[in-house]
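Below is one structure, written out as structure tokens, with a few remarks after it.
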Amino acid sequence: MTTAVGFVGLGNMGGRITRRIVAAGHTVIGYDVDPARAGEAGATAAVSPGAVAEAAEVVLLSLPDSPVVEAVVLGDEGILAAGQKGQVVVDLSTSSPSSTVDLHRRLGESGIVFLDAGISGGAAAAEQGTLTIMAGGDEAALDRVRPVLETFSARVYHMGASGTGHTAKLLNNFLNGIGLAATAEVMVAARKAGLELHTFLDVLNNSSGVNFATLNRFPKIVDGDYLEGGLTGNLMLKDLRLYAELVRELDVRTPTVAGCIEAFELAAELGYGEQISNRVVDAIGDASGGVRLKEPST
């Protein structure tokens with residue numbers, strides 16, 4: 001059975017996800033600040049988030065941060081003003097859990113269900129339909145929208161009450177960020193020490209230092225392929241700062257987050273912020289004497 005699906009935010013991830021939903025046979029009504037993106041993703045363009053909410057049974061959001069999500073939901077032409085009782089709104093953004101819980105309450109007062117659904121896997125997984133989803137909120141509502149979510153995901157986990165999906169996403173993203181930053185630093189050191197980097201990566205991937213970055217990122221990066229199109233350095237930095245805020249609220253001591261944030265702040269300062277977060281290795285290389293991992297052409 002097909003469903004009328006609304007989508008707000010048709011950028012790097014949202015556009016890819018929308019194409020998956022359309023390919024599965026659903027009609028998608030989409031809104032983005034760039035009107036051309038709706039057609040590029042195969043969606044019917046709407047003039048506002050509210051117009052999306054008026055036309056769709058399920059509304060998905062893929063937006064940069066909580067302030068933008070709040071504006072889309074609570075604004076004059078937003079989802080709350082135009083939404084329908086019983087409608088399900090699913091926030092796929094990486095958002096502040098405290099903001100998420102507040103939006104869940106406010107939409108719930110109008111009979112609209114709000115689910116937080118962090119996604120992981122990046123642009124490639126979005127295109128392939130293999131994202132992992134970690135969702136918070138009403139489990140019955142999650143089951144209602146699961147057929148739509150399964151058009152672009154391989155796994156959907158119910159984490160618990162409102163906010164738990166976005167909490168899980170921030171915890172995951174911190175591990176992703178610290179693994180990337182630490183591996184970038186190590187690879188720059190390996191280059192300066194004269195190690196052959198493909199061999200060194202093989203060592204890491206068969207030793208206790210193995211992580212997602214050593215397995216999936218750096219085998220490409222050492223050959224000059226930065227896997228462009230994924231999460232930017234500035235968005236990674238935003239996620240890390242949200243993680244730091246979360247653990248402060250939880251009264252968890254976090255001696256490791258400062259260095260990780262510093263790495264991506266360095267990338268932003270050196271002009272890499274709007275490029276893929278993998279470019280943090282070039283920022284560390286710049287600060288280490290102009291090091292690049294790829295051997296120069298001869």
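Some points to look at:
- Of all residues in the range 275-290 being surrounded by 17 or more Cβ atoms within 10 Å (Cβ to Cβ) and among the hydrophobic types (A, V, I, L, M, F, W, C), the one that is nearest to the chain's Cα centre (by Cα): Ile276
- Hits in the range 71-98 - residues which are farther than 17 Å from Ala46 by Cα, over 17 Å from the mean Cα position of the chain (by Cα) and not β-branched (Val, Ile, Thr): Leu74, Lys85, Gly86, Gln87, Ser98
- Long-range neighbours under 6 Å by Cβ, at least six apart or interchain, first residue free of Cβ contacts under 8 Å to residues at least 40 places away in the same chain within the range 228-257, second in a helix (DSSP H, G or I): Leu237/Phe264; Ala244/Val257; Thr254/Val247
- Entirely in the range 49-163, the helices (runs of 4 or more DSSP H) that have 2 or more residues that are within 30 Å of Gly177 (Cβ to Cβ): 66-74, 97-108, 122-128, 139-149
- Selected residue (criterion: nearest to Glu196 (Cα to Cα)) from residues of the range 255-264 that are out of contact with any Phe, Trp or Tyr (no Cβ under 8 Å at 6 or more places or on another chain) and buried (at least 17 other Cβ atoms within 10 Å of the Cβ): Ala263
- Test: residue in the range 210-231 that is among the aliphatic types (A, V, I, L, M) and touching a Phe, Trp or Tyr at 6+ places or on another chain (Cβ under 7 Å): no
Yes or no, residue by residue, for (1) out of contact with any strand residue (DSSP E or B) (no Cβ under 8 Å at 6 or more places or on another chain); (2) over 17 Å from Leu142 (Cα atoms); (3) of a type in the set (Ser, Thr, Tyr):
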{"site": "Arg16", "(1), (2), (3)": "yes, yes, no"}
{"site": "Ala36", "(1), (2), (3)": "yes, yes, no"}
{"site": "Gly39", "(1), (2), (3)": "no, yes, no"}
{"site": "Glu57", "(1), (2), (3)": "no, no, no"}
{"site": "Asp65", "(1), (2), (3)": "yes, yes, no"}
{"site": "Ala71", "(1), (2), (3)": "yes, yes, no"}
{"site": "Pro97", "(1), (2), (3)": "no, yes, no"}
{"site": "Gly111", "(1), (2), (3)": "yes, no, no"}
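- Applying a threshold of 8 Å to beta carbon distances and a minimum spacing of six or more residues, or different chains, the list of pairs starting in the range 274-298 at a residue that is not assigned by TED's automatic domain parsing to the domain that holds Arg191 and modelled with pLDDT under 95 and ending at one that is assigned to a loop (DSSP other than H, G, I, E, B) and not hydroxyl-bearing (Ser, Thr, Tyr) reads Lys294/Val222; Lys294/Asp223; Lys294/Gly224.
- Unique residue being under 26 Å from Leu250 (Cβ atoms) and either without any contact (Cβ under 8 Å) to a residue 12 or more places away in the chain or out of contact with any helix residue (DSSP H, G or I) (no Cβ under 8 Å at 6 or more places or on another chain) (or both) when the list is Glu109, Glu139: Glu139
- If the condition is being more than 20 Å from the chain's Cα centre (by Cα) and either in contact (Cβ under 8 Å) with a residue 24 or more places away in the chain or part of a strand (DSSP E or B) (or both), then the range 17-46 contributes Ala23, Ala24, His26, Thr27, Val28, Ile29, Glu40, Gly42, Ala43, Thr44, Ala45, Ala46.
- Criterion: farther than 17 Å from Thr27 by Cβ, surrounded by fewer than 22 Cβ atoms within 10 Å (Cβ to Cβ) and not aliphatic (A, V, I, L, M) - qualifying residue of Asp116, Asp76: Asp76
The values are calculated or read from the model by the stated rules, or taken from the named source; none is laboratory data. Since this is a predicted model, take the numbers as computed values, not measurements. Positions of Cβ are backbone-derived with ideal geometry, glycine not excepted, and every protein chain shown enters the neighbour counts.
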